[in-house]
Amino acid sequence: MRRARVAVLVSGGGTNLQALIDAAARGEMPHAELALVVSNVKDAYALTRAEKAGLPTVTLSKRALGGQEAFEAALTEALEAAAIDLIVLAGFMTILSGAFTARYDHRILNIHPSLIPSFCGEGFYGLRVHEAALRKGVKVTGATVHFVNEIPDGGEIILQKAVNIRENDTPETLQKRVMRLAEWKLLPRAVEKISTELVMRNEE
Ligand code: GRF
């Protein structure tokens, strides 16, 4: 294996997917190949970003498939068909079962918009994370890339980046700054780091 084949799982706007596409185009992820984008939402703008970049896409609806188990079976089939080595959750709004995360142990990454262990776990997603940080009055927040296990936001931390909170921040201004200064930089770096490790392990 010269490059790890990476699948990006999305549900929404896909700015983190875009950060990966742009980093790859700049040659910043030489050990990773973006090989598949999977969405669980059929009109997610992330799919348009993937198509523009010429990446293969798959859309899987949990409801149409009849539930979690069938959804994960279809997901596994799509990942295996594309010979995926590494899975990146980039704004993927579905919790994966322990059976699924165990199958891909240390091969699923997630990006979370806070410094874990603050403001994470069940119910902490999207703007809620930034609302909680502002409510608490912390002066520093940031983003975390971590491995995914059966505990929401509970897997081993890979990279973190801090972002200062400003006095006049709203959840929206803070969310944008955390994305620009932390998430979009951190995610390509983490993908390259883990891809390099997978390639090296494969060569041993
Ligand atoms: C990001 O804030 C990410 O940290 C969180 O979901 C959001 C996804 O945004 N997990 P986008 O779809 O990448 O623009």
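A few comments on the model shown:
- Amide H to amide H distances under 5 Å link residue 36 with 6, 8, where only residues 5 or more positions off or on other chains count and H is placed in the peptide plane.
- Only Lys, Arg, Asp and Glu carry charge here, each on its Cβ (+1 for the first two, -1 for the last two); on that basis the chain has a dipole of about 660 debye about its Cα centre.
- DSSP beta bridges in the chain [antiparallel fraction, %, rounded to 5]: 40 percent
- Trypsin sites (Lys or Arg not before Pro) within segment 21-105: DSSP coil, no more than 14 neighbouring Cβ in 10 Å: 26, 42
- Placing a label point 7 Å from the Cα of residue 140 along the Cα-to-Cβ line, the residues of segment 155-198 whose backbone N sits under 12 Å from it are 161-165.
- Between residue 204 and residue 102, the FRET efficiency estimated from the beta carbon spacing at R0 = 30 angstrom works out to 0.85.
- Placing unit charges on each Cβ (+1 for Lys and Arg, -1 for Asp and Glu) gives the chain a dipole about its Cα centre, and among 157, 178, 112 the Cα reaching farthest toward its positive end belongs to 178.
- For residue 108, the residues whose amide H sits under 5 Å from its own are 87, 148, ignoring neighbours fewer than 5 places away on the same chain, with H placed 1.01 Å from N.
- Remark: spin-label model distance residue 181-residue 151 equals 2.9 nm, labels positioned 7 Å along the Cα→Cβ axis.
- Principal semi-axes in Å for the chain [√(5λ), Cα gyration tensor, largest first]: 26, 19, 17
- When only alpha carbons of segment 27-122 are considered, Rg and Dmax amount to 14.1, 40 Å.
- Dipole magnitude (debye, nearest 20) for segment 109-192, charges at Cβ of Lys, Arg, Asp, Glu: 400 debye
FYI, it's all coordinate maths here, none of it is from the lab. No experiment lies behind these values; they were computed from the predicted model shown. Don't worry about glycine lacking a Cβ; one is built from the backbone with ideal geometry, like all the others, and counts go over all protein chains shown.
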